[in-house]
Structure formats: C-alpha cells, structure tokens
Amino acid sequence: MARYLVDTNIVSELMKTSMDDYVLYWLQDNEGSLYISSVSILELHYGIMRLPEGKKKRRLSSLLDIILKELAARTFAFDGFCAYLCARMRCDVGGADKTPQLTDAMIASVAQANNCVVATRNVKDFEALGVEVVNPFDYVPPVYGRQKGQT
C-alpha cells in the first residue's frame, strides 16, 4: 500500500469552506496512508499567521490544529538526510533559469527519504524533482469508474 505525503495545497484545500469533491474522496479513500511534512506545517502556519485578525484566521487556525493532531503520529521531519537529498535534487534539476522552489524540493526530499508518493496539485513541479506524484484533484472514486479526463 502506498504512503502519501500530502503537499501544502492539499491540506489547504481541506481547510476551504467548499472544497473540491474529488480531493475529499481521495483523502477519505486513502485516510490511513496520509502523511505530512514539517515543511508543509511551516507553510500552513505561516499562511495563517499572515492573515489579519478575525473570524477567518481563527477558523483556519482551529482547523489546522485539528488536522495536525490527526496527523501527529504521521509527520515526517525535514532532517539532515532530507537536506542532503534536497540539495542533490536542486542541483540535478536546477539551472540558472529553472531552479526548483526550495519548499517544493524540501517536501520532495522528505517524500523520497520516507518512500512516499507526493499528493499535490503541482504535479509538474514535483515530477521534475524525480519523485512519484499523484494529483487528488484528478481523482474519481472507484465507484464512478474513471479518473477525470479519461475516455
């Protein structure tokens, strides 16, 4: 059974008031196989902290607390080995005009170090880093038969 490292954009989708149904189905169908990186946790906290005080900020902060408690035992840290993998990925892919975004490379390195597939909407960015990727936005539950876009 595959292990999925959810990218920040998948967790963000989960926190929306009207989230994408396909993402919700995908998350439900893979519930026991979901992991998060400390890098995504940083990005999520940072995004919330930058919001002005108010209901939206409180709502998102509460939702993030719930999500992180649920994933507490399934959180992978960006450690020294991940730092090495991240540097290697950025060197292998990068050039003056196409160095991958640091946080994407950090998340990809955590996925590689922990034998995970990256679950993201940013498929091209992660494929370029050499990790396996799945896009939950393209998921259609097995009961519906096909993935979006298939004929």
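Residues 92, 79, 125: which one is acidic (Asp, Glu) and within 30 Å of residue 17 (Cβ to Cβ)?
Unique residue meeting the criteria: 125.
Evaluate the following for residue 129: is it under 24 Å from residue 12 (Cα atoms), loosely packed, with under 15 Cβ neighbours inside 10 Å and either modelled with pLDDT under 95 or in contact with a Lys or Arg (Cβ under 9 Å, 6 or more places away or on another chain) (or both)? The answer is no for residue 129.
Would you check if residue 118 is assigned to a strand (DSSP E or B), among the hydrophobic types (A, V, I, L, M, F, W, C) and modelled with pLDDT of 90 or more? Yes, satisfied. Give the stretch 20-72 a look and list any residue that's part of a helix (DSSP H, G or I), buried (at least 17 other Cβ atoms within 10 Å of the Cβ) and small (Gly, Ala, Ser), or say none. Scanning the stretch 20-72 gives a single hit, 40. Is one or more of the residues making up the stretch 29-45 of a type in the set (S, T, N, Q), touching a Lys or Arg at 6+ places or on another chain (Cβ under 8 Å) and under 17 Å from residue 135 (Cα atoms)? Yes; the residues of the stretch 29-45 include at least one that is of a type in the set (S, T, N, Q), touching a Lys or Arg at 6+ places or on another chain (Cβ under 8 Å) and under 17 Å from residue 135 (Cα atoms). Within the stretch 1-19, the set of residues being of a type in the set (Gly, Ala, Ser) and either in contact (Cβ under 8 Å) with a residue 40 or more places away in the chain or in a helix (DSSP H, G or I) (or both) comprises 2, 12. Entry remark, the stretch 88-112: residues being surrounded by 20 or more Cβ atoms within 10 Å (Cβ to Cβ) and closer than 18 Å to residue 75 by Cβ number 7 in total.
The values are calculated or read from the model by the stated rules, or taken from the named source; none is laboratory data. Every value quoted in this text rests on a predicted model; they were computed, and no experiment measured them. All Cβ positions, glycine included, derive from the backbone under ideal geometry; neighbour counts span all protein chains shown.
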